[in-house]
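Enquirer: Dumping the structure here so I can ask a few things about it.
No lab work stands behind these numbers, since they all come straight from the coordinates. A quick note: this is a predicted structure, and the numbers were derived from the prediction, not measured. Reconstructed Cβ throughout: ideal geometry from the backbone, glycine too, with neighbour counts over all protein chains shown.
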Amino acid sequence: MIALLAAVLTFGLDRLTKFWVTRSLYPGEVLFRALPVHIQYVENSGAAFSILPNFDWLFLAVAAAVVVAAVWYWRQLGMERWWVQAAVGMVVGGALANAIDRLTQGYVVDFIQLPHWPVFNVADSGITVGMVLLVVRLLLKGSRSD
C-alpha cells in the first residue's frame, strides 16, 4: 500500500507541476531568476542531463521494465521496510509520469533549476531519490549475513 501511495503521489505531483509550468510559461522562460532555485521551462527530448536526445523508444522500454520489475516484486515488497516500499513507488510513479510525456509530446517537461545543475522535474526527483534509497537497501542487505 505504501508503494502505491508513493507512486500516486509522485505521479500526481509531477503531472500537476508540469501542467502549471506549461500553462503559465513559454519554453525557455525563467521565474525567480534571482533565487538559487528557480523555474525554467525546458522541453527535454533526451534522458537525464539531456543526453541521448531522440531515443524515446529506449526510455519507454526502461520505464516499462521498471513497472514490470515492480509488479514482479510486489509480493515481496510487503515484507520490506516502509521506506523501501516508498522508494519503489517513487521510481514507478516517476517513470510512468515521464513516459506519458514522451508518449504524448515526444519530450519531457523539465522546470526545476539549481545552480550548476541541469534542469529537472518532480518525476526525475522521485526516480533519483527512490533509486538512492534502493541502493542503500541493497548495501544494507549485503552487509548483513542473511
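Enquirer: Quickly work out the LEU139-to-ALA61 label distance, labels modelled 7 Å from Cα along the C-beta direction, and quote it in nm with one decimal.
Expert: For ALA61 paired with LEU139, the spin-label model returns 3.0 nm.
Enquirer: With label points built 7 Å along Cα→Cβ from the Cα atoms of ARG75 and ALA34, find their separation and express it in nm.
Expert: Between ARG75 and ALA34, the simple spin-label model gives 5.9 nm.
Enquirer: Note the angle between two axes, namely the Cα long axis of helix 56-77 and the longest principal axis of the Cα atoms of the chain, as a number of degrees from 0 to 90, rounded to the nearest 10.
Expert: Helix 56-77 sits roughly 30 degrees off the main axis of the chain.
Enquirer: Taking the 0 to 90 degree range and rounding to the nearest ten, how far is the long axis of helix 2-24 tilted relative to the main principal axis of the chain, both from C-alpha atoms?
Expert: Roughly 0 degrees between the two axes.
Enquirer: Can you compute log10 of I(q)/I(0) for the chain with the Debye formula, treating each Cα as one identical point scatterer, at q = 0.11, 0.13, 0.16, 0.21 Å⁻¹?
Expert: The computed values of log10 I(q)/I(0) come out as -0.44, -0.61, -0.86, -1.27.
Enquirer: Just want the answer: with Cβ charges of +1 for Lys and Arg and -1 for Asp and Glu, which residue in TYR73, PHE11, ILE100 is farthest toward the dipole's positive end in the chain?
Expert: TYR73
Enquirer: Given Cα pairs under 8 Å that are at least 6 residues apart, what percent is the relative contact order of the stretch 2-139?
Expert: 36 percent
Enquirer: I'd like to compare 121-131, 25-35: which one has the highest average count of other Cβ atoms within 10 Å, and what's the full order after that? The partial results should precede the final answer.
Expert: Values: 121-131: 21.9, 25-35: 10.9.
The packing order, highest mean first, is 121-131, 25-35.
Enquirer: Okay, moving on. If each residue's Cβ is checked for other Cβ atoms within 10 Å, how do LYS141, LYS18 rank with the fewest at the top? All intermediate terms of the calculation are to be shown ahead of the outcome.
Expert: Numbers: LYS141 11, LYS18 23.
The fewest-first ordering by Cβ neighbours comes to LYS141, LYS18.
Enquirer: Around VAL8, what is the net charge, scoring Lys/Arg as +1 and Asp/Glu as -1 over all other residues with Cβ under 13 Å from its Cβ? Before the final figure, lay out each step's value.
Expert: Values: positive: ARG15; negative: ASP14.
Within the 13 Å Cβ shell, the charges total 0.
Enquirer: What number comes out for the charge environment of ASN121, summing +1 per Lys or Arg and -1 per Asp or Glu over other residues with Cβ under 12 Å away? Don't skip to the answer; put the middle values down first.
Expert: Numbers: positive: ARG15, LYS18; negative: ASP14, GLU43, ASP101, ASP110, ASP124.
Its environment carries a net charge of -3.
Enquirer: I'd like the Karplus ³J(HN,Hα) series for the stretch 98-103: coefficients 6.51, -1.76, 1.60, θ = phi - 60°, whole numbers in Hz, and an x wherever there's a Gly or Pro.
Expert: So the J values, rounded to whole Hz, are 5, 5, 5, 4, 4, 5.
Enquirer: Determine, for LEU140, LEU96, the number of other Cβ atoms within 10 Å of each Cβ, and report the residues in order from fewest to most.
Expert: So the residues, fewest neighbours to most, are LEU140, LEU96.
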